[in-house]
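The values are calculated or read from the model by the stated rules, or taken from the named source; none is laboratory data. For clarity, every value in this text was computed on a predicted model and none was experimentally measured. Ideal geometry is used to build each Cβ from the backbone, glycine not excepted, and the neighbour counts take in all protein chains shown. Ligands, DNA and RNA are stripped out before the accessible areas are found, and what is left, the full protein with its side chains, is counted by its heavy atoms. Shrake-Rupley method; radii C 1.70, N 1.55, O 1.52, S 1.80 Å.
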Amino acid sequence: MADLIRAYLERVERDPKGLPIKLYPFIRSQPPREQPRTVVIDPRVAFGRPVVFGTAVPTAVLAEQFKAGDLPADLAKEYGANEEAVWDAIRCELDQKAA
């Protein structure tokens with residue numbers, strides 16, 4: 001149990017005072033320590049909504065465009081992200097089966 005809790009706490013980035021500033025949610029169904037940090041929740045970016053790491057592109061925008069028929073490869077080019085991050089953004093917003 002302690003290992004599981006540690007894995008979750010490792011997904012929280014803290015400032016020098018120890019206050020949480022960023023959260024990297026679990027997106028995939030693989031073990032917690034193997035999950036990439038492609039989606040971030042940061043209250044200083046997009047009002048704390050999930051975005052693709054390194055961009056200010058909300059995951060909800062990518063998911064809506066995907067549902068409208070845009071391909072993840074095209075979305076990655078359009079928003080300057082890699083395709084893996086776009087897929088993770090879609091998974092973050094949509095049911096795992098839909099993605």
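Observations on the structure shown:
- Scanning the stretch 40-60 for residues that are open to solvent by 60 Å² or more (accessible area, probe 1.4 Å) and without any contact (Cβ under 8 Å) to a residue 24 or more places away in the chain returns PRO43, ARG44, PHE47, ARG49, ALA56.
- For LEU4, the conditions (1) open to solvent by 70 Å² or more (accessible area, probe 1.4 Å); (2) at pLDDT 95 or above are fulfilled apart from (2).
- Among (1) hydrophobic (A, V, I, L, M, F, W, C); (2) open to solvent by 60 Å² or more (accessible area, probe 1.4 Å); (3) in contact with a Leu (Cβ under 7 Å, 6 or more places away or on another chain) - the single one VAL12 does not satisfy: (2)
- One residue stands out in the stretch 22-39 among those that are open to solvent by 40 Å² or more (accessible area, probe 1.4 Å) and either in contact (Cβ under 8 Å) with a residue 60 or more places away in the chain or aliphatic (A, V, I, L, M) (or both): the one that is nearest to ALA63 (Cα to Cα), namely ARG28.
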